[in-house]
Amino acid sequence: MTMDADHKKSTGKKRAQQGGKSRPSSSQQGQPPKKLKKDTEKSATEQSKKGPGDGPPPRLDPKSVGYFRRVGETLQQDFDSKEDRALFVRNVFNEVTGIELLLATDASGSIVLQKLLSVAASAQLCQVLDALSKTWQNVCWHRSGAHVVQTALLQYERLQNPEVTEEEEEEEGESDSCHSLEDLVLSLCSDVRGNFLPYNQDTHGSFIVRTLLQVLSGTVLEQDASKRGGRGAAVKSEFDVPPSFLQQLEEMCGLFTGDIGVFATHKQASLGMQTALQVLHRKLPSTCAALCDDVISYLSSRNVSGDGSALMVFLKDETCSRLLEKILEVSEKKQLRRLFKAHFEGQLQALAAHPIANFTVQRLIRAIQTKKLFSTLFEEMSPAMEDALAKGHMGIITTLAETCKRLESNQTTFVTHLMEAFHCSSPASRRVTCVPLFLSLMTYETYYKIEEEEKQPEHEDHPDIKLQFVNYHGSILLQHLLHFQDPAPVLHSLGNMTEADLHTVACSQPGCHVFDALLNSASITEKQRKKVLRKLRAHCMELACNKYGSRVLDHVWNSSTLGVKEEIAQKLVERLQELQNNPIGHHIARNFALSHFVKRRKDWEEHQQAENKRRKMFADILEG
């Protein structure tokens, strides 16, 4: 036992005698007995000699499990100082020595080890990786071990420029035999390159390859794998890496071309290539473009007998289509144009109607950066909007609307085709109903419950028919339309909705964001906003007591003049007691300073005027 550990133990004993609650150190957690640790190290040595498929690995004994469970609990507590935590972590790593592999492949032990690695010094991290490097595949292909290796690799960003404390310097001095972190990462690269295809085909091995590619590139991705046709992976963080890492990245990504057929069609292996495309796009764009060309060239040569694009079969396959989505996402303008002309043009309507390929079409639409290419695509796609609506492929329609807004192109034509798809374009009297139809994703006949006839009747008011719900995609669509250069058609419809229907929109989770677009759109005048918002003032109390309605009311308040604020406050103070007792409404009462409005009106007015000036000043700064 070290001198520091003895000091920690005596300190804890003294605190206990004084009636205080001592903070446990590694020695107080109950060190594993020497015989127990010797047996554990023996099990770990035997395991390291086995291959990744040689039967189930040995497990930690109950006493060790209990010890490391207490370590995990202690790490979640607050320490008196950073020095205390560093001392505790160092003592625990002394107990980990010799059993790293066994701990990494234990279901509960691996969780504790991940917590330790997230706060470990460089020498401690190297200690663990050095032990694991003797049998990379045993740990990387293990469901628990893979998470340990991932956690260790992701510490590179934290430790690349560490502010080394005196303790860490001493610790590193005691670990001269330990390889550097860079060397250990390169060691893993060597093992992965030697077994590249098996690593990528294994569920857990593929996980390691994807993490390794991100660390080598200095780009950690943060993506929502549950969404298809979305905006793609966001970058969580970026950091500098040594030249050796970028060299390994380029060499490793070159291995994908050797088995493109497998990487394009194998569910697990494809994930590695998708990650490679994303990180190469940011760090080695020429290598990324070359890999994209290789994939497209290979896939195009596989289906030579079919009519139209050779990619049609692959676009309708779930695994291949996800890879092609990533290629579209990272393609440069010229490369994207070539892809469109060679493989998508003339096939868009069929692809948009397909349950899988429509996601790739969404990615294509979102990837387009030029008005000319978008106009070509839009001309082919626009007649199929009603078919997309009927099949429930609303992502196609919302993505078209988003791109029309982003590129400021084909907006008027889009609105015309959209109204035709919802059967509210002709007669002209039906156009006033477009917003309720968009929000509910119903055609005119379905919404108003009338039979489809050869002669379309003029629109008549139906006061008994109310908006029942707001669809998520319908809300997204309307938000884009409100940002169009000429939002008059939808504004006219929105302004003609009943107070009850506007209240339904404001008090729904997707619908409340429609008012964000209404208030933030640069193409909508203050007069046009007031025409819509005026109808909500009679429902101020209901909005204030609703989770989503209160959000709308708060946003309206922040953008209102002093006169409008006084009108809203006057309506709310009539039921002030009820508002203050409501679990949601009391926030509105506090934010609007309604008690001051009642008792100190002049002070309240001065405060609100000052707030309005401050908001206007910040808005001017942001616009500038």
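The values are calculated or read from the model by the stated rules, or taken from the named source; none is laboratory data. As the structure is a prediction and not an experimental result, all values here were calculated from the model. Neighbour counts run over all protein chains shown; Cβ positions are idealised from the backbone, glycine included. Side chains included, ligands, DNA and RNA excluded: accessible areas come from the protein's heavy atoms. Shrake-Rupley method; radii C 1.70, N 1.55, O 1.52, S 1.80 Å.
Residues in the range 69-113 that are of a type in the set (S, T, N, Q) and part of a helix (DSSP H, G or I): Thr74, Asn91, Asn94, Ser108, Ser110. Here Met273 does not fit the description of being surrounded by 14 or more Cβ atoms within 10 Å (Cβ to Cβ) and either touching a Cys at 6+ places or on another chain (Cβ under 7 Å) or modelled with pLDDT under 90 (or both). The residue list Asn558, Asn546 contains one member that is modelled with pLDDT of 90 or more and polar (S, T, N, Q), which is Asn546.
So that you can scan it fast, the table gives a plain yes or no per residue for (1) among the hydroxyl-bearing types (Ser, Thr, Tyr); (2) more than 18 Å from Ile327 (Cα to Cα); (3) modelled with pLDDT under 95:
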residue	(1), (2), (3)
Ser177	yes, yes, yes
Val192	no, yes, no
Phe196	no, yes, no
Leu221	no, no, yes
Ala233	no, no, yes
Pro242	no, yes, yes
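Scan the range 454-466 and give yes if some residue there is within 25 Å of Ser550 (Cβ to Cβ) and modelled with pLDDT under 95, otherwise no. Yes, the range 454-466 contains a residue that is within 25 Å of Ser550 (Cβ to Cβ) and modelled with pLDDT under 95.
Of Ala353, Ala357, Ala342, which residue is in contact with an Asp or Glu (Cβ under 7 Å, 6 or more places away or on another chain) and either among the aliphatic types (A, V, I, L, M) or closer than 19 Å to Ala276 by Cβ (or both)? If you could, list the steps in order and put the result at the bottom.
Details: Ala357 fails: in contact with an Asp or Glu (Cβ under 7 Å, 6 or more places away or on another chain); Ala342 fails: in contact with an Asp or Glu (Cβ under 7 Å, 6 or more places away or on another chain).
Answer to the check: Ala353.
For beta carbons closer than 6 Å, sequence separation of 6+ or different chains, a first residue in the range 190-201 that is open to solvent by less than 60 Å² (accessible area, probe 1.4 Å) and a second that is among the aromatic types (Phe, Trp, Tyr) and part of a helix (DSSP H, G or I), the qualifying pairs are Asp191/Trp136; Val192/Tyr199. Picking from His492, His473, His483, His539, which residue would you name as being within 28 Å of Lys449 (Cβ to Cβ) and within 31 Å of the chain's Cα centre (by Cα)? The match here is His473.
Considering the range 281-391, the qualifying helices (runs of 4 or more DSSP H), each wholly inside and each with 1 or more residues that are closer than 14 Å to Ala264 by Cβ, run over 285-300, 312-315, 318-330, 357-367. Search the range 553-571 for residues that are farther than 16 Å from Phe597 by Cβ and small (Gly, Ala, Ser) and pair each with any residue that is open to solvent by 50 Å² or more (accessible area, probe 1.4 Å) and at pLDDT below 90 when their beta-carbon atoms are under 7 Å apart and the residues are at least 6 apart or on different chains. Short answer, once both residue conditions are applied: none.
Which of the residues belonging to the range 234-254 are under 20 Å from Leu221 (Cβ atoms) and either in a helix (DSSP H, G or I) or of a type in the set (A, V, I, L, M, F, W, C) (or both)? Can you show your working first?
Of the residues in the range 234-254, the ones under 20 Å from Leu221 (Cβ atoms) are 234-241, 245-246, 248-250, 252-253.
Hits for the range 234-254 are Ala234, Val235, Phe239, Val241, Phe245, Leu246, Gln248, Leu249, Glu250, Met252, Cys253.
Would it be correct to say that Val490 is open to solvent by less than 20 Å² (accessible area, probe 1.4 Å) and over 22 Å from Arg615 (Cβ atoms)?
Numbers: open to solvent by less than 20 Å² (accessible area, probe 1.4 Å): yes; over 22 Å from Arg615 (Cβ atoms): yes.
Here the answer is yes, as Val490 does meet what is asked.
Taking the range 114-130 as the range and being open to solvent by 40 Å² or more (accessible area, probe 1.4 Å) and either small (Gly, Ala, Ser) or assigned to a helix (DSSP H, G or I) (or both) as the test, the residues that pass are Gln114, Lys115, Ser118, Gln127. The set of residues in the range 111-148 being more than 26 Å from the chain's Cα centre (by Cα) and small (Gly, Ala, Ser) consists of Ala120, Ala121, Ser122, Ala123, Ala131, Ser133.
Residues considered: Val112, Val89. Of these, the only one that is out of contact with any Gly (no Cβ under 9 Å at 6 or more places or on another chain) and of a type in the set (Val, Ile, Thr) is Val89.
Of the residues examined, Ser300 is not one that is of a type in the set (Ser, Thr, Tyr), surrounded by 17 or more Cβ atoms within 10 Å (Cβ to Cβ) and more than 25 Å from Gln411 (Cα to Cα). In the set (1) out of contact with any Phe, Trp or Tyr (no Cβ under 8 Å at 6 or more places or on another chain); (2) under 15 Å from Ala421 (Cβ atoms), Glu499 fails one condition alone, (2).
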